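Please treat every number below as a calculation from the coordinates, not as lab data. Since this is a predicted model, take the numbers as computed values, not measurements. Heads up, the Cβs are rebuilt from the backbone with ideal geometry, glycines too, and the neighbour counts pull from every protein chain shown.
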Amino acid sequence: MAKVSVLGLYGDANYAAEAGDALQGVGLTNEDYDFLTGAPYPEGAFGERHSSHRLYVFPFVGALCGLTAGILLTSMTQMAYPLVTGGKPILSLPPMAIVTYEGTMLGAILFTVLGIIFESRLPKPKLGLYDDRITQGYIGVIVTCEESQVSQVEQALTQAGAVDVKRGEAD
């Protein structure tokens, strides 16, 4: 069966939270609907699922990659051009430490930016069902369901106090 998107618009956060409860009563899970707001609300304000992220992994992996690149760059450069000065060792740690530190920080920063883009699910070329009134203070509840459930979902959204209900195709 084909998936259909349904968008309900609410003027009050309490009605949007009631819509989430009504959708669970219809038989939908937390993964089937999401809340769209133009203003920040605390996490869980609408009774939605706790979203987990793995953003902390990206800087750690980036730091390891930068550290490895810094060590390889400095040690291979010193080994490629072995210049013995006054009997000192070819691999000198103090100059290596500076380049290695900078490589570690650069890797952590670059991977953090990539992690933010990845965890934010950007870029999203196809926006899907949306209404401009969400940016004006309305709260949208977007539901992805089967075609057979559309009438039940629209009824549940309307009974929860929706100002407007729109239907569209799912991504």
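Descriptive notes on the structure:
- J(HN,Hα) series, the stretch 68-85, from Karplus relation 6.51 cos²θ - 1.76 cosθ + 1.60, nearest Hz, glycine and proline x: 4, 5, x, 5, 5, 4, 6, 6, 5, 5, 5, 6, 6, 10, x, 10, 7, 10
- Relative contact order (%) - the stretch 15-165, alpha-carbon pairs under 8 angstrom, separation at least six: 42 percent
- Per-pair calculated FRET efficiency, R0 = 41 Å: Q152 and E119 via Cβ, rounded to 0.05: 0.80
- Counted by Cβ distance under 15 Å from M96, the other residues give a net charge of 0, where Lys and Arg count +1 and Asp and Glu count -1.
- Cα centroid separation, the stretch 84-156 to the stretch 35-82 (Å): 9 Å
- When shorter helices are ignored and each DSSP H run of at least 4 residues is given -39500 (n - 2.57), the per-residue value for the chain at 222 nm works out to -15000 deg cm²/dmol.
- In the stretch 31-121, inverting the average of 1/r over every pair of distinct C-alpha atoms gives 16.5 Å as the Kirkwood radius.
- At R0 = 25 Å, FRET efficiency that the Cβ-Cβ distance of L55 and K126 yields, to 0.05: 0.55
- Here the extension length gained between E43 and L72 equals 6.1 nm, from 0.36 nm per residue of separation less the Cα-Cα distance.
- Rh (Kirkwood; distinct C-alpha pairs) - the chain, Å: 19.8 Å
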